[in-house]
1. Specify the residue that is modelled with the lowest pLDDT; the eligible residues are those in the range 58-86 that are exposed (fewer than 15 other Cβ atoms within 10 Å of the Cβ), of a type outside the set (A, V, I, L, M) and within 24 Å of ALA157 (Cα to Cα).
2. Answer yes if at least one residue in the range 92-113 is assigned to a helix (DSSP H, G or I), of a type in the set (Phe, Trp, Tyr), at pLDDT below 80 and within 19 Å of GLU188 (Cα to Cα), and no otherwise.
3. Going by the structure shown, is PHE173 over 26 Å from GLU188 (Cα atoms) and either small (Gly, Ala, Ser) or free of Cβ contacts under 8 Å to residues at least 40 places away in the same chain (or both)?
4. Output the number of residues of the range 106-150 satisfying the condition of being among the aliphatic types (A, V, I, L, M), farther than 30 Å from ALA162 by Cα and within 13 Å of the chain's Cα centre (by Cα).
5. Quick one: THR2 ticks every box in (1) modelled with pLDDT of 85 or more; (2) among the β-branched types (Val, Ile, Thr); (3) not in a helix (DSSP H, G or I) except a single one, so which number is it?
6. Can you name the number of the only condition in (1) of a type in the set (Ser, Thr, Tyr); (2) over 25 Å from ASN35 (Cβ atoms); (3) surrounded by fewer than 16 Cβ atoms within 10 Å (Cβ to Cβ) that SER150 fails?
7. How about the range 117-140: which of its residues are surrounded by fewer than 19 Cβ atoms within 10 Å (Cβ to Cβ) and of a type in the set (Phe, Trp, Tyr)?
Amino acid sequence: MTSPNRTQNKMLLPAVVEMEEPLLDTRKATNEDENSENKKVRLHGAVIGFLTQLINISGTAVITYRWGPNADLFAEHASILDHAMHLFVSMASQVDLFLYLVMWLGLTAALTDRGIEMWQQFLGGPHSARSIFVMGVQFYAGVVIGSFLSWFSLDFALGLPAPVYPMVSVLFFGLVISYSMVWCFDMEDNPDEREDACV
């Protein structure tokens, strides 16, 4: 003989499943949107990383060709225009440092409440703190991949022997750092996991 509670549970189960289906569909659609958004962010990062590294390498090549490999920026130049051009090209050849500084500040801002609010306003939608941080990490991973492709394609185009193993190891190291940041973010966000990991 079945108990009345079990009979009620069997009667309520289809209603509960029916109520949860739209929530599951919404969650699935949200996950698909986040995955699509992360792919776009990663692609943008790869393009920016590729172009930034290309500008950096080109600037260094121009300095070496025009003023010599160890040219002093503050040495006497032929004209003021030549000095201004040397200064501009030197700054352009360091654009990757500026990019990494901006990325670091953006990721750090995503760890604070005010930073999350700022990014939510900028992105214009109800994004969770984790999704914003993951987008930043995806962008960083894209920049690392784009920089790698830039170096590799330039070596290939010039017919130079590409140092594949060092390049791949640096790429792998950068990606491990990127995705370990998400893991650390999740550990910080979930105190139970953090306590288990510390035991």
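The values are calculated or read from the model by the stated rules, or taken from the named source; none is laboratory data. All figures in this text were calculated on a predicted structure; none of them were measured in a lab. Every residue, glycine as well, gets a Cβ built from its backbone with ideal geometry; the counts of neighbours run over all protein chains shown.
1. That would be PRO69.
2. The answer is yes; a qualifying residue exists.
3. Judged against the criteria, PHE173 is not a match.
4. First, the residues of the range 106-150 that are among the aliphatic types (A, V, I, L, M): 107, 109-111, 116, 118, 123, 129, 132, 134-135, 137, 141, 143-145, 149.
Those left that are additionally farther than 30 Å from ALA162 by Cα: 107, 109-111, 116, 118, 123, 129, 132, 134-135.
This time we only want the ones that are within 13 Å of the chain's Cα centre (by Cα), so: 107, 110, 132, 134-135.
Final tally of qualifying residues: 5.
5. (1)
6. It is condition (3) that SER150 fails.
7. PHE122
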